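To start, the structure under review is shown below, and the notes come after it.
The values are calculated or read from the model by the stated rules, or taken from the named source; none is laboratory data. Keep in mind that what you see is a predicted model, and the values were worked out from it rather than measured. Every residue, glycine among them, receives a Cβ derived from its backbone with ideal geometry; neighbour counts consider all protein chains shown.
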Amino acid sequence: MTINSNLNGESTIKMALTNPAHRSSEGSQTPENTRTSGFGAMVSEALGSVSDAQLNADAVFEKMITNPDDVEPADVTIAMAKAEMSLNLTKTIVDRAVKAYNDITSMR
């Protein structure tokens, strides 16, 4: 931030953008601060992480069966619990989204 003084005794303050969500002096976001991802990308990323958790649990379980000395039973239990919890959370979110959509479309 810099402060400039005019001959009339007035001061002006020039502030710099420090947050990408801030707007430029014209009132629009600057091109380098605009986002290219949206809600769809966020949902896709979340579903990908749920899938990764499921695949990780399967891989740990397979490794326990093929080579039990390399994997602790607690690791298998934790991986399976994480996968189950993420899947249940995803199911709940989808159910609530569908219910909200149905409620909105049935409003009169």
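When each of ALA100, ALA83 is tested for being at pLDDT 80 or above, assigned to a helix (DSSP H, G or I) and surrounded by fewer than 12 Cβ atoms within 10 Å (Cβ to Cβ), the lone residue that passes is ALA100.
Tell me the residue from ARG35, ARG23 that is surrounded by 10 or more Cβ atoms within 10 Å (Cβ to Cβ), modelled with pLDDT under 90, on the phi < 0 side of the Ramachandran plot and not in a helix (DSSP H, G or I), please. Matching residue, one of ARG35, ARG23: ARG23.
Contact map, the stretch 49-77: residues that are more than 17 Å from ASN88 (Cβ to Cβ) paired with residues that are at pLDDT 90 or above and among the aromatic types (Phe, Trp, Tyr), Cβ distance under 9 Å, separation 6+ or inter-chain. Pairs shown: VAL71/PHE61; VAL76/PHE61.
The single condition among (1) basic (Lys, Arg); (2) at pLDDT 65 or above; (3) loosely packed, with under 10 Cβ neighbours inside 10 Å that LYS63 does not meet is (3).
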